[in-house]
Structures are given as structure tokens and as C-alpha cells.
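Following: one structure in C-alpha cells, then a few remarks.
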Amino acid sequence: MTNLQLFLAVGLPILAVLSSMAVSMLQVSGIREDMRGMRSDFREDLRSLRTDISTLTGKVIEIDNRLTRIEERMERR
């Protein structure tokens, strides 16, 4: 076996493995960026949901206060 054949027999598989590892690392990096974007969108949606729940809770308390006043007026009669 000549030196060229040895280099091809050993070098090409190593080169293939290293290049596939590099591509895999790029894919993982892309997936991480997508996950960060999704996490940020989720946090924004959660903040919006909390605001809506807070608003609804305030409205329910307001209705309860009004009903309490109406009940008190009805009891006086």
C-alpha cells in the first residue's frame, strides 16, 4: 500500500466524520436559536395572559361590590 492510498484510506473517513460533526453543531446551534425565540414568544404571551387575568379579576371584584350594594339596599326595604 502506498502512502497516498494510506492517506486516502485513513484521511477521507476522518474528514467525513469531522465535516458531519461540524454540520451537526450548526444544526444544534440553529435549534437553540429557535428555542430561544419560542421561549421569548411564550414569555410575552404569558405576560399578556397575566394582564388579562388581572383585568378580569378586577372586573369580578367590581361586580361583586355592586351586587353587595344592591343586596344591602334590598335588605333596607
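No lab work stands behind these numbers, since they all come straight from the coordinates. Here the structure is a predicted model, which is why all the values come from computation and not from measurement. Note that each Cβ is placed from the backbone with ideal geometry, even for glycine, and that neighbours are counted across all protein chains shown.
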Using +1 at the C-beta of Lys and Arg and -1 at the C-beta of Asp and Glu, which of MET21, LEU4, ASN65 has the Cα lying farthest in the positive direction of the dipole of the chain?
ASN65
Hey, got the dipole for the range 21-77? About the Cα centre, +1 on K and R Cβ, -1 on D and E Cβ, debye to the nearest 20?
220 debye
Which angle between 0 and 90 degrees, to the nearest 10, do you get for helix 3-76 versus the longest principal axis of the chain when only C-alpha atoms count?
0 degrees
Cut-off 10 angstrom, C-alpha nodes, Gaussian network model of the chain. Which of ILE63, ILE53, ILE31 fluctuates the most?
ILE63
Label assignment, Kirkwood radius over Cα pairs in Å derived from the structure, set [x] 16.6; [y] 13.4; [z] 18.9:
[z]
